[in-house]
Protein chains: 4
Amino acid sequence: MTMMTVEQIEHFLDEVFPQRMGKIESVGDDMHANMRLAINNTHLRPGSRVSGPTMMGLADVCLYVAILAQIGPVAMAVTTDLNCHFLRAAPGDRDMIAKAKVIKLGRRLAVGEVQLFCADDDRPVAHITATYALPESELAITR
Amino acid sequence: MTMMTVEQIEHFLDEVFPQRMGKIESVGDDMHANMRLAINNTHLRPGSRVSGPTMMGLADVCLYVAILAQIGPVAMAVTTDLNCHFLRAAPGDRDMIAKAKVIKLGRRLAVGEVQLFCADDDRPVAHITATYALPESELAITR
Amino acid sequence: MTMMTVEQIEHFLDEVFPQRMGKIESVGDDMHANMRLAINNTHLRPGSRVSGPTMMGLADVCLYVAILAQIGPVAMAVTTDLNCHFLRAAPGDRDMIAKAKVIKLGRRLAVGEVQLFCADDDRPVAHITATYALPESELAITR
Amino acid sequence: MTMMTVEQIEHFLDEVFPQRMGKIESVGDDMHANMRLAINNTHLRPGSRVSGPTMMGLADVCLYVAILAQIGPVAMAVTTDLNCHFLRAAPGDRDMIAKAKVIKLGRRLAVGEVQLFCADDDRPVAHITATYALPESELAITR
């Protein structure tokens, strides 16, 4: 069982991170989180494609959600590094889907990977790996 | 002499990439570009700090500008990978400064690094390296 | 069907890259390659753990093998970037297993990811993503 | 003044990490370390160029040396991520020079960048950024 449900995480993020992109679709015991982003004009780059920063921003929050689901409401977990490989152009007329998975949940660091897709296309458009630093005092409480 | 001036690049980006962040401060023969971003609420994450996607987006466009200054107006140069190390929290009440430098300008790929700073603080808040794929047909024209 | 079998790839690498690490266990239509490395003292770092460069070297060659299996004998494909997240200490008394998969095979660039394991342990010890630049003239022949 | 001299670091590494590559040329208060590696046949890849794993291994140890110079003899500092962009082919008939610099030295994490050169050529052949996790108990002693 995860520490937080989708609804609890959305509620928590509404308070601490209202600027975030996308809606959570699922989280799970396998340390995954899936999100969906409705693409609008602010998300585009030249050529009417989804911009790189949009993709990295969605991946970043999706991995954060996957971690929150495991460790509970920790506002101050922070990304320490993020690596993104852009694989294919992502047309701007479809929702973007993020599938994050925590691949290591340590005491001080969590590492995960995220695949991004355009809705209804199973070829990934980007692959992201990132590390989050976890605040130790809060962890002492939550874990 | 660069292929484009600051004014020419801003004009070109106004047409092809109006969604971008920040203003160009300088470009130069040493393959650098400096930009400045006025931070507002949309750029923040929990804790009133500048968000990671804001930083990565500013770095991405700043390196693109540094490349444009060298090769001329190429709308479809695309980022193929981006790596970001976040070094320090960036308070949300100051402008963010990006300093990009192209470290390899090849026929097909350009690689550069970007340092981000808060205005009036010389400690970098993030360090980014990224690769851009350059369209060959356009290069045939521009170089 | 792959362009080269395990035996053909080992034979090719014996000629062009005798310094490489590890033995190929399998390649496949799904663009994967698996390799195994017998760890000896030269592969260790302080604490009798497998060193980071050993892991990155094995991952690099394993992804190269996965690409060769798809495109045929291309000696001069070169890594353009490699990102590695180290997840867990890898004890030096077991073989290391690499599982590579090409996630994008383009005309000029191939991107893949690699997971590394210690034999008989299903928790990954490192996660690598990397890009290879493919020589166009050779590709014109082989594809 | 650094916590350790070049000689002290070499002596320490002889004990805990005899497998490392290269010789230290300098360390300094500005948190830099420079190293030099005499290239031999074991360091090469197809085309008689210096191999990627050789470059990443040299960069990794050079950044480790830069950190040791600042915090003293900490055997168990471990790399948590490493990102490498390969910029130019490095001919195998020259020494390789590594120039590392710590860009953030925190309580738990240190981040640095490394540039690699061939001797007598001022164009970088690779650019590396990496993070080291610092053991907290040892830090309590050393800092």
Rounded to the nearest 500, what is chain D's calculated 222 nm mean residue ellipticity when only DSSP H runs of at least 4 contribute -39500 (n - 2.57) each, over all residues?
-8500 deg cm²/dmol
What number comes out for the charge environment of D:Val78, summing +1 per Lys or Arg and -1 per Asp or Glu over other residues with Cβ under 9 Å away?
+2
Copy-to-copy spacing for C:Asp29, label 7 Å out on the Cα-to-C-beta vector, in nm, shortest first?
3.5, 5.9, 6.7
Local electrostatic count, D:Val61, Cβ distance below 10 Å [Lys/Arg +1, Asp/Glu -1]:
+1
Could you pull out which residues in segment D:5-47 have an amide N less than 14 Å from a spot 7 Å beyond the Cα of C:Thr42, following the Cα-Cβ vector?
D:19-21, D:40-45
Once you charge only the Cβ atoms, +1 for Lys and Arg and -1 for Asp and Glu, what is the size of the charge dipole of the protein assembly as shown about its Cα centre, to the nearest 20 debye?
0 debye
Accessible area lost on pairing D with C, both sides, 1.4 Å probe, Å² to nearest 100?
2100 Å²
Phi to ³J(HN,Hα) by Karplus 6.51 cos²θ - 1.76 cosθ + 1.60 over segment C:85-97, Hz, x for Gly, Pro
10, 8, 9, 8, 5, 10, x, x, 9, 9, 4, 9, 10
Any idea what the A:Thr42 label distances to the other copies are, label 7 Å down the Cα→Cβ vector, nm, shortest first?
0.4, 5.6, 5.6
Count charges around A:Lys99 for me, please; just the other residues with Cβ under 12 Å from its Cβ, Lys/Arg as +1, Asp/Glu as -1.
-2
Overall dimensions of segment D:1-106 as given by Cα atoms, namely Rg and Dmax in Å:
13.9, 43
Just grab the label-to-label distance for A:Arg123 and B:Glu25, each label 7 Å out from Cα along the Cβ direction, in nm (one decimal).
4.1 nm
With a probe of 1.4 Å, find how much accessible area segment D:6-142 has per residue, and write the answer as a whole number in Å².
36 Å²
Hey, which residue of D has the C-beta nearest the axis mapping D onto B, and what's the distance in Å?
D:Asn83, 2
Shielding by partners for D:98-108, please: the mean number of other protein chain Cβ atoms within 10 Å of each residue's Cβ.
2
Just tell me how shielded C:43-53 is by partners: mean number of partner chain Cβ atoms within 10 Å of each residue's Cβ, no decimals.
6
Could you tell me which residue out of D:Val74, D:Ala90, D:Pro135 lies farthest along the dipole of segment D:6-142 toward its positive end? Charges go on the beta carbon: Lys and Arg +1, Asp and Glu -1, centred on the Cα centre.
D:Ala90
Give the nm distances, rounded to one decimal, from A:Pro91 to the matching residue in every other copy, measuring between label points 7 Å along Cα toward the beta carbon; shortest first.
4.8, 5.0, 5.3
Excluding residues fewer than 8 places away in the same chain, name every one of the lysines whose C-alpha is closer than 20 Å to that of D:Lys99.
B:Lys101, B:Lys104, D:Lys23
With the contact rule set at Cα under 8 Å and sequence spacing of 6 or more, what percent relative contact order holds for chain D?
25 percent
Taking alpha-carbon centroids only, segment A:32-55 lies from segment B:34-60 a number of Å equal to 17 Å
Quick one: what are the phi-derived ³J(HN,Hα) couplings along segment A:42-53, Karplus 6.51/-1.76/1.60 with θ = phi - 60°, whole Hz, x for glycine and proline?
5, 8, 9, 10, x, x, 6, 9, 5, 6, x, x
Each label point is 7 Å from the Cα along the Cα-to-Cβ direction; what then is the distance between the points at C:Met76 and C:Thr5, in nm?
3.0 nm
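The values are calculated or read from the model by the stated rules, or taken from the named source; none is laboratory data. This structure is a prediction, so every number in the text was calculated from the model and none was measured. Please note: Cβ atoms are built from the backbone with ideal geometry, for glycine as well, and neighbour counts cover all protein chains shown. Side chains are part of the model used for accessible areas, which takes the heavy atoms of the whole protein and leaves out ligands, DNA and RNA. Shrake-Rupley method; radii C 1.70, N 1.55, O 1.52, S 1.80 Å.
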